[in-house]
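The values are calculated or read from the model by the stated rules, or taken from the named source; none is laboratory data. The structure displayed is predicted, hence computed values, not measured ones. Neighbour counts run over all protein chains shown; Cβ positions are idealised from the backbone, glycine included. Note: areas computed on protein heavy atoms with side chains; ligands, DNA, RNA excluded. Shrake-Rupley method; radii C 1.70, N 1.55, O 1.52, S 1.80 Å.
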Amino acid sequence: MDWPPAQIWDLELSQLRSNPGGLPEGGGTAGRGIRLCRGKRDEELILPINSSLSVTLHQDQLKTTTTAAISKDFTEDRIWLNGREEDVGQPRLQACLREIRRLARKRRSAGDEDLLPLSLSYKVHVASVNNFPTAAGLASSAAGYACLAYTLAQVYGVEGDLSEVARRGSGSACRSLYGGFVEWQMGQRADGKDSVARQVAPELHWPELRVLILVVSAEKKLTGSTVGMQTSVETSPLLRFRAEALVPARMAEMARCVMERDFQAFGQLTMKDSNQFHATCLDTFPPISYLNDTSRCIIHLVHRFNAHHGQTKVAYTFDAGPNAVIFTLDDTMAEFVAAVRHSFPPESNGDKCPASRSRFLKGLPVRPALLSDELKAALGMEPTPGGIKYIIATQVGPGPQVLDDPHAHLLGPDGLPKPAA
């Protein structure tokens, strides 16, 4: 999910648990994220060309769950994602494993390789599951690598800041190691040691803030974030101009908006920066277009909703995909959800069936609301049934949490994934 400098929002979390089956094991869950400013100056170390800000979403609604185990009986490192075994030789995954093992050696051996604990030579098995679409522009890689870094640290006994470990998998993942509002500092050092995450404001700083994920498509995007970003770095003059001339001031302004809970300015800056991110995508050669017709209809819906009220009550941002992330406040959420349902009604008369309503609207409870005839007229949109697959309502969440329930583990006592329930 690491892309040219654009958004300042990300939504991710992690949790961890212990193992009842005798294997040294850890596990965790992590949410997902949307950024407003990003881009990388070093692809191998995954160093950004500008700082960025994110918000961590609550793991009760969006999370990645990861379990890791090490054993002398394992013959090789292995990883399963969403029930399917993946190539453990993937470079970014290997970079995370190397870094966590290096830190474990440094901590346990005090530099004496002859005194290393035997467990450091053990192979690791990892299983990870997302409860939201993967590779669809919803920050699954950032959530996944944050969860992986945190879980591996528990398994290998590594303490301290894990920004560098998580960043080696996905740049945005370093922000997912903290709750609330988080900055990924660009840093200046060539080795990236100062490119770390820091919390700007805690989880409960802005309790009225709500987030709606409008899932337009759960399909894997055609152009991956990493490939797209590399192409933009090579071909887009706008990307570099943004990073140098625009993003620093926007970062300072966004931090102010968060600290002062200024939703009007926060919302407008979020939308402007999202739009400019996608302008950067179009400035790339060949151009990249992550938005589709439904995405653009959502943009129009938001602006017409705000115009009707005479103020910014909702704000959109889009990452590298067609799915929208909507920011609003608690007292506006019900009315805007009703506006979305009016403009993008669920297929098969879902409104009339309680079960269909729960499938269309997931996450936090949202009270029913009626739209005035004036607002319906102001929206001025022909309904598009099925345009939005479902909505996830959530809020700002905490950082890594320990999960004590052994039944939540993804690996069994033999170190292999448990059968699907």
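Only residues that are without any contact (Cβ under 8 Å) to a residue 24 or more places away in the chain, more than 15 Å from TYR316 (Cβ to Cβ) and assigned to a helix (DSSP H, G or I) were counted across region 245-287, and they come to 9.
Taking the conditions exactly as written (acidic (Asp, Glu), part of a loop (DSSP other than H, G, I, E, B) and open to solvent by 70 Å² or more (accessible area, probe 1.4 Å)), does GLU234 satisfy them or not? So GLU234 fails the test. Evaluating LEU301 against the criteria (1) under 15 Å from LEU375 (Cα atoms); (2) touching a strand residue (DSSP E or B) at 6+ places or on another chain (Cβ under 8 Å); (3) in contact (Cβ under 8 Å) with a residue 60 or more places away in the chain leaves one unmet condition, (2). Residues that are farther than 17 Å from GLU183 by Cα and touching a helix residue (DSSP H, G or I) at 6+ places or on another chain (Cβ under 6 Å) occur at least once in region 270-282.
The single residue among SER225, SER141 that is among the hydroxyl-bearing types (Ser, Thr, Tyr), within 14 Å of the chain's Cα centre (by Cα) and in the same structural domain as ARG359 (by TED's automatic domain parsing) turns out to be SER225. Consider region 284-301 and keep the residues that are open to solvent by less than 10 Å² (accessible area, probe 1.4 Å) and over 23 Å from the mean Cα position of the chain (by Cα). The one that is farthest from SER236 (Cα to Cα) is LEU301. When the residues of region 155-189 are filtered to those that are open to solvent by 10 Å² or more (accessible area, probe 1.4 Å) and assigned to a helix (DSSP H, G or I), the one that is nearest to LEU103 (Cα to Cα) is GLU164. With respect to GLY192, determine if the residue is outside the structural domain of ARG296 (by TED's automatic domain parsing) and crowded, with 17+ Cβ neighbours inside 10 Å. Here the answer is yes, as GLY192 does meet what is asked.
Yes or no, residue by residue, for (1) open to solvent by 20 Å² or more (accessible area, probe 1.4 Å); (2) modelled with pLDDT under 90; (3) within 22 Å of TYR156 (Cβ to Cβ); (4) not β-branched (Val, Ile, Thr):
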{"residue": "GLY26", "(1), (2), (3), (4)": "no, yes, yes, yes"}
{"residue": "ARG41", "(1), (2), (3), (4)": "yes, yes, no, yes"}
{"residue": "THR56", "(1), (2), (3), (4)": "no, no, no, no"}
{"residue": "SER71", "(1), (2), (3), (4)": "no, no, yes, yes"}
{"residue": "PHE74", "(1), (2), (3), (4)": "yes, no, yes, yes"}
{"residue": "GLY89", "(1), (2), (3), (4)": "yes, no, yes, yes"}
{"residue": "GLN94", "(1), (2), (3), (4)": "yes, no, yes, yes"}
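Against the numbered list (1) at pLDDT 95 or above; (2) closer than 26 Å to HIS205 by Cβ, ASP283 comes up short only at (2). What are the residues in region 386-412 that are at pLDDT below 90, open to solvent by 50 Å² or more (accessible area, probe 1.4 Å) and either part of a loop (DSSP other than H, G, I, E, B) or over 21 Å from CYS147 (Cα atoms) (or both), if any? Passing the criteria: ASP404, ASP405. Annotation: MET271 fulfils all but one of (1) under 25 Å from VAL227 (Cβ atoms); (2) surrounded by 14 or more Cβ atoms within 10 Å (Cβ to Cβ); the unmet one is (1).
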